[in-house]
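A short write-up of the structure that comes next.
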Amino acid sequence: MSYPIAEPAFQHQNVARVGVLLVNLGTPEAPTPKALRPYLRQFLSDRRVIEIPRPVWWLILNAFILPFRPRKSAEKYATIWTPEGSPLKLHTEKQAKLLKGLLGDRLGDHVMVGWAMRYGKPAVADVLAEMKAKGCDRILLLPMYPQYAASSVGSAMDEVFRALQGMRNPPELRVIKHFHDEPAYIEALADKIRRHWALNGRGDHLLLSFHGVPRFTLDKGDPYHCECLKTGRLLREALGLPTEQVTVAFQSRFGKAEWLKPYVVDSLKKLGKAKVGKLDVICPGFVADCLETLEEIAMEGKATFLSAGGGEFRYIPCLNEDAPFIAALAGLAERHMQGWDLAKPDPAVLEQRRLQAKAAGAEA
């Protein structure tokens with residue numbers, strides 16, 4: 001068997017580092033049809049995302065989707081693109097830097113934080129190889145999805161495992177599968193909403209929009225639906241809101257199959273027809289603003305609500321770089337790294353290790 005990822009040069013006095021790898025969904029390199037085509041091909045070729053027979057889906061993807069969808073998707077991305085690039089990429093990079101700073105303050109500079117995208121760049125395999133080359137022999141995988149779904153967290157895990165198969169000497173790996181009911185995550189969401197209320201006044205209704213998945217995934221055993229509902233309940237309780245003032249719904253339906261209900265579009269129409277005066281909307285399943293939050297909800301969702309007769313639509317941004325959220329990630333990471341030796345070795349101990357290895361015949 002050959003290993004495509006070469007082993008980095010080893011020296012006995014090297015410091016073994018601990019790595020935390022953040023993985024989010026991904027983004028095209030530019031808001032253009034040319035950039036969208038390979039991104040959509042990679043995304044829609046994932047067996048975790050599309051669970052229908054391959055020959056049938058291959059025909060649909062290549063004959064009906066890739067020839068037309070890239071242009072439509074590029075137009076949507078263009079509405080949220082920034083001079084610095086994709087919002088999702090920018091937020092994820094900033095989150096990683098802030099988390100590195102916080103963990104560095106607590107644990108030392110030998111704890112490395114990397115970030116990658118499941119689809120697009122930076123690729124998971126490339127970042128893992130870089131972390132390994134820098135001495136990480138223990139890595140904590142933190143998919144940036146609070147609620148577990150096979151098509152999100154499961155797919156991120158698949159990609160990491162594939163990359164590790166290309167290494168002769170892979171690092172030790174731990175995975176944070178979900179954090180949908182993590183108290184610090186719930187409190188970070190609640191704090192975000194309270195600060196919004198402090199600036200703008202409390203709304204008449206709160207809509208919690210989660211990414212949708214096909215209904216059959218629930219029947220097959222995905223806990224995603226239950227975890228979204230639990231997040232919604234815990235957040236509602238943290239805010240002290242009655243049940244009737246909060247709606248949990250699901251967005252981003254694709255195709256003709258039944259998806260998790262209620263659909264966001266239907267909920268927005270219903271709330272608009274009910275003449276809700278001030279509607280607050282937040283997307284707890286997204287930890288960084290992206291196409292699905294900035295365009296689908298903040299733009300299209302707003303238009304749907306207003307056209308149905310609603311009053312004021314108030315989108316609350318994702319957690320992004322909020323200090324309470326970064327602190328929540330740091331606490332989560334520290335807890336899952338328990339048992340790993342996180343202390344930086346004494347230089348004298350490292351030198352002694354080198355001399356002992358050299359005495360035993362090692363070259364370095």
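The values are calculated or read from the model by the stated rules, or taken from the named source; none is laboratory data. Model, not experiment: these values are computed from the prediction. Cβ coordinates were reconstructed from backbone atoms using ideal geometry, including for glycine residues, and neighbour counts include every protein chain displayed. Side chains are part of the model used for accessible areas, which takes the heavy atoms of the whole protein and leaves out ligands, DNA and RNA. Shrake-Rupley method; radii C 1.70, N 1.55, O 1.52, S 1.80 Å.
Computed quantities for the displayed model
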item	result
Residues of the range 241-276 with amide N under 17 Å of the 7 Å Cα→Cβ point at residue 79	251-254, 264-266, 268-269
Fraction of accessible area attributable to carbon and sulfur, the range 183-315 (%, probe 1.4 Å)	55
Dipole-positive endmost among 212, 231, 265 within the range 183-315 (Cβ charges, Cα centre)	265
Approximate shape of the chain as ellipsoid semi-axes (Cα gyration tensor, √5λ), whole Å, largest first	40, 25, 17
The chain, dipole about Cα centre (Lys/Arg Cβ +1, Asp/Glu Cβ -1), debye to the nearest 20	800
Within the range 210-319: Cβ-based charge dipole about Cα centre, in debye rounded to nearest 20 (Lys, Arg +1; Asp, Glu -1)	380
Loop sites in the range 1-78: chymotrypsin sites (Phe, Trp or Tyr not before Pro), DSSP, at most 12 other Cβ within 10 Å	10, 68
Pairs from 89/261; 72/275; 230/261 whose Cα-Cα separation, in the structure shown, is over 22 Å	89/261; 72/275
Accessible area (Å², per residue) of the chain, counting only protein heavy atoms and a probe of 1.4 Å	47
Dmax and Rg, reported as Rg then Dmax, of the range 201-271 (C-alpha, Å)	13.0, 42
Coil-residue chymotrypsin sites (Phe, Trp or Tyr not before Pro) of the range 195-294, DSSP, other Cβ within 10 Å capped at 16	254
Fraction of antiparallel bridges per DSSP, the range 183-315 only, in percent to nearest 5	5
Heavy-atom accessible surface of the range 35-80: percent carbon and sulfur, 1.4 Å	64
Acute angle (nearest 10 degrees) that the helix 69-80 long axis makes with the longest principal axis of the chain, alpha-carbon atoms	90
Computed log₁₀ I(q)/I(0) - Debye formula, equal Cα scatterers, no solvent, the range 64-153, q 0.21 Å⁻¹	-1.20
Cα pair distances in the range 1-136, grouped into 10 Å bins until the bin that holds the longest one, percent each	11, 30, 29, 20, 8, 1
P(r) of the range 167-313 over all Cα-Cα pairs, binned every 5 Å from zero, in whole percent	2, 9, 17, 20, 21, 14, 8, 4, 2, 2, 1, 0, 0
Sparse-neighbourhood loop sites, trypsin sites (Lys or Arg not before Pro) in the range 1-109 - DSSP loop, at most 13 other Cβ within 10 angstrom	47
